[in-house]
Amino acid sequence: MNKIEKQCEVCGKLFSPKTVDSVYCSKKCSDAAYRQKKALQKKEEQLQAVADRVTTDRSYISVPEAFVLFGIAKSTLYRLIRQEKIPAINLGTRLVRIDRAAIEQMFPIRQTTPVTKEKQTPKLYSLEPNDCYTIGEIAKKFGISDSSVYKHIRKFSIPTRQIGKYVYAPKSEIDNIYNRNTI
C-alpha cells in the first residue's frame with residue numbers, strides 16, 4: 001500500500017495524513033488556520049460596517065473610509081495628499097478629509113458583491129455494474145478503508161446502487177474524487 005504524502009497548508013511540512021480529508025499536519029496547525037480564518041472574517045465584517053456607514057451624498061470622506069470604499073492603501077492616500085494630487089482638508093489630528101469626487105475620478109469604487117453559487121444541473125450517471133466500482137474495489141484501489149469510502153460518497157453526494165450484498169458507485173465520480181485530491 002502506498003502512503004500518501006500531503007503538504008500542510010499552514011507550515012508547509014510534508015506529512016502522512018490520518019484521513020484523506022486531512023490538510024494540516026497537527027492540531028497546532030489546525031488551530032492556527034482556524035484563528036486566521038476567524039480573524040479574516042472579523043476584519044471583513046469591520047470593513048463592511050465602515051462601508052455601510054458612508055453615505056453617497058457626503059462630498060468629503062475620511063482616509064479609512066476611502067481605504068474601504070476604493071481599496072487604496074492608506075499610505076498611498078497620504079502620499080497623494082502630500083503630492084497635492086488629491087484635494088484634502090486637515091481638520092486636526094486624525095481628521096483628514098479627502099474630496100470624494102477627486103478620488104472617484106482616479107480610482108473606481110471597489111465592488112463588494114457577495115459570491116453566489118450557481119445552481120448546478122443534475123448529472124446523469126450509469127449505475128450499471130460494469131460502469132461502477134464496488135465499495136471494496138474503491139477501498140483496495142485507493143488504499144483507504146470502507147468507512148472512508150462511505151464518508152466521501154456521502155460528502156460529495158455520489159449516487160449509489162445496491163445489488164444483492166454489493167454497493168456500486170459510478171467510476172467517473174470516484175476517479176474524479178480520488179485522482180484530483182479534492183478531498
_Residue within region 27-39 that is assigned to a loop (DSSP other than H, G, I, E, B) and over 30 Å from P64 (Cβ atoms) present_ = no
*Determine which single condition N179 fails, assuming it passes every other condition in (1) within 21 Å of P122 (Cβ to Cβ); (2) among the polar types (S, T, N, Q); (3) out of contact with any helix residue (DSSP H, G or I) (no Cβ under 8 Å at 6 or more places or on another chain).*
(1)
*Can you find even one residue in region 89-101 that is surrounded by 12 or more Cβ atoms within 10 Å (Cβ to Cβ) and modelled with pLDDT under 80?*
no
*Just one of K37, K13, K18 is under 19 Å from F142 (Cα atoms) and not assigned by TED's automatic domain parsing to the domain that holds A101; which is it?*
K18
*Taking region 49-63 as the search range and keeping residues that are outside any helix (DSSP H, G or I) and among the hydrophobic types (A, V, I, L, M, F, W, C), which one is nearest to P87 (Cα to Cα)?*
I61
*asked:* With in a loop (DSSP other than H, G, I, E, B), modelled with pLDDT under 85, closer than 19 Å to S59 by Cβ and of a type in the set (V, I, T) as the only criterion, which of I109, I86 stands out?
replied: I109
*Could you tell me which residue of region 10-21 is farthest from K151 (Cα to Cα), considering only residues that are surrounded by 16 or more Cβ atoms within 10 Å (Cβ to Cβ) and out of contact with any strand residue (DSSP E or B) (no Cβ under 7 Å at 6 or more places or on another chain)?*
V10
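The values are calculated or read from the model by the stated rules, or taken from the named source; none is laboratory data. Note that this is a predicted model, so its numbers are computed, not measured. Methodologically, a virtual Cβ is constructed for each residue, glycine included, from the backbone with ideal geometry; neighbour enumeration extends over all protein chains shown.
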